[in-house]
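Reviewing the structure listed below.
What follows is calculated from the coordinates using simple rules that are stated; it is not laboratory data. Everything quoted here is computed from the prediction, not taken from an experiment. All Cβ positions, glycine included, derive from the backbone under ideal geometry; neighbour counts span all protein chains shown.
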Amino acid sequence: MDSKNYDVEKLAVATVASHTAIQILRGAKKYGFRTIAVAGSERAASFYRRLWFIDDVWIADFSSFKQVAEKLRRENAILIPHGSYVEYVGWRQALEAPVPTLGCRELIKWEADQHKKMELLKNAGIPTPRHFVSLDQVNGVVIVKLFGAKGGRGYFVARDREELRRKLARIDGDYIIQEYIFGVPAYYHYFASPVYNRVEIFGADIRYESNVDGRNFGLVEPTFVVVGNLPLVLRESLLPTVLEYGENFVKVVREMVRCEMAGPYCLESIIRDDMSIIVFEFSGRIVAGTNIYMGYGSPYSTLYFDKPMDMGERIAHEIREAAVRGRLEALVT
Ligand code: AMP
C-alpha cells in the first residue's frame with residue numbers, strides 16, 4: 001500500500017459484520033476513526049446499525065467482494081480481516097481484494113493447507129504433534145482433521161489403527177492424521193507491532209467446545225464445535241516460552257512466507273502435564289477468543305501500556321501511531 005494515496009486524517013476502519021467486528025469497530029471509534037461494517041444480510045445489518053460506534057453499515061454480496069473492496073478503498077478504509085471474513089469471501093478473494101488489509105495476507109493461503117500450516121510451525125522450532133502419512137505408522141490415539149473443517153466440525157479421534165481404518169473409509173477429501181495430545185487446551189493471543197518493533201503477549205483463552213466440554217458422560221463421540229470462549233491466565237512460568245514461540249512465529253513468516261506479521265495472531269496449543277506446550281494450529285489474524293476482554297482488556301495488555309486495552313483498541317492504537325509516523329505501509333498488505 002502506498003499510504004500517500006490515503007488521507008490519513010480521514011482513515012476509516014472496516015471489517016465484515018461478524019466474529020470480532022464489535023470489538024474492532026468499538027476500538028477504532030475510541031481512537032477517532034470512521035467505522036464501516038460490511039454485512040452479508042439485512043438481518044445482520046440491522047443488528048450492527050444499533051451500535052453507536054459504527055458509522056456505516058453496508059450490505060454486500062460476498063461472492064463478488066472485489067467491488068466492495070474497491071469501494072472501501074475509495075473510503076480510505078483499512079480492512080481488518082478475521083476468521084469469518086476469510087470464511088465468507090473465501091481465501092482466493094481475500095488474497096486479491098484491492099483494499100489495504102491489516103497483516104500478512106499471504107498467510108491466508110498457508111492456513112488453507114493443513115500440511116503447510118504445520119510445516120511453518122515446525123520450521124519455527126515450535127513443538128507440534130507428530131503427524132502420520134500412512135496408517136501403518138500410527139501407534140496410539142490420533143486426531144484426523146479434514147481440510148477446511150470449520151470450528152472443529154469434521155475432526156474425529158481414533159483410539160487405534162483399526163478404528164482409524166474404519167473411520168477413514170467413511171470420509172472424502174484431504175485430511176491430516178495427527179498424534180492426539182493429552183492435556184489442557186490453551187490459546188495465546190499476540191500482537192505483532194511494526195511501530196514498536198516487538199511482539200506482545202496480549203491474552204489467552206480456552207475454547208468451549210461441544211461435545212468435549214458438554215455433560216455427555218462419554219456417551220457421544222467427541223466433537224470440537226466452538227460455542228464460546230473462556231478467559232485464561234497462565235502460570236507465570238509459562239510466559240517466557242509462550243513469548244518465545246510467538247516471536248519465533250514472526251521470524252518464520254518473514255523467512256518462509258516472506259512477509260512481516262502486523263497486528264493480532266494466535267497460537268493454539270495443548271499443554272501437557274509436564275508443562276510442555278504443543279502447538280497444533282495458528283491463526284494469522286484476530287481470533288474470537290479476544291472478545292472475552294472487550295471493554296476491559298486482558299491482564300497482559302497492561303504490560304505494554306500500563307492500562308488495560310482490548311484487541312480492538314490495540315489495533316486502532318497501532319493504526320493511529322503508524323499514520324502519525326507515516327508508516328501505514330508497514331501494517332498492511
Ligand atoms: P482447531 O479447530 O484446530 O482449533 O481444533 C479443534 C480442537 O481440537 C481444539 O480445540 C483441540 O481441543 C483439539 N485438537 C486439535 N488438534 C489436537 C491434537 N493434535 N491433540 C489434541 N487435541 C487437538
(message) As an exercise, identify the chymotrypsin sites (Phe, Trp or Tyr not before Pro) in region 91-147 lying in DSSP coil whose Cβ has no more than 15 other Cβ atoms within 10 Å.
(response) 147
(request) Out of all DSSP beta bridges with both ends in the chain, state the antiparallel percent to the nearest 5. (result) 75
(message) Taking loop as defined by DSSP and a crowding limit of 16 other beta carbons within 10 Å, which GluC sites (Glu not before Pro) in region 224-330 fit?
(response) 260
(request) Starting from the Cα of residue 9, step 7 Å toward the Cβ, then list every residue of region 22-66 with an amide N under 15 Å from that point. (result) 34
(request) Please give the FRET efficiency for residue 275 paired with residue 247, using the beta carbon to beta carbon distance and R0 = 22 Å, rounded to the nearest 0.05. (result) 0.70
(message) I need the fraction of alpha carbon pairs in the chain separated by more than 36 Å, rounded to a whole percent.
(response) 19
(message) How far apart, in nanometres, would the label points at residue 49 and residue 197 be if each is projected 7 angstrom from Cα along the Cα-to-Cβ direction?
(response) 4.8
(message) Given points 7 Å out from each Cα along the Cα-Cβ axis, report the residue 119 to residue 159 separation in nanometres with one decimal.
(response) 3.6
(message) Using DSSP to call loops (not H, G, I, E or B), can you name the trypsin sites (Lys or Arg not before Pro) in region 251-333 whose Cβ has at most 13 other Cβ atoms within 10 angstrom?
(response) 258, 325
(request) Pull out the extension gain between residue 172 and residue 239, defined as 0.36 nm times the separation in residues minus the alpha carbon to alpha carbon distance; nm, one decimal. (result) 20.1 nm
(message) Can you give me the angle between helix 311-324 and the longest principal axis of the chain, using Cα atoms only, in degrees from 0 to 90, rounded to the nearest 10?
(response) 40
(request) May I have the pair-distance distribution P(r) for region 131-179, computed from all Cα-Cα distances with 5 Å bins from 0 and rounded to whole percent? (result) 5, 22, 37, 25, 9, 2
(message) Using the basic label-point model (7 angstrom from Cα toward the beta carbon), what is the residue 63 to residue 302 distance in nanometres?
(response) 5.1
(request) Would you mind calculating the gained length between residue 109 and residue 30 on full extension (0.36 nm times residue separation, minus the Cα-Cα distance), in nm to one decimal? (result) 25.2 nm
(message) Quick check: residue separation of residue 259 and residue 227 times 0.36 nm, minus the Cα distance between them. What number comes out in nm?
(response) 8.3 nm
(message) Compute the helix-to-body angle for 239-252: its Cα long axis versus the longest principal axis of the chain, expressed 0 to 90° and rounded to tens.
(response) 70
(message) Angle check, please: helix 114-123 long axis (alpha carbons) against the longest principal axis of the chain (alpha carbons), in degrees 0 to 90, nearest 10.
(response) 90
(request) Using the structure shown, list the pairs from 71/145; 29/307; 29/145 with a Cα-Cα distance above 27 Å, or answer none. (result) 71/145; 29/145
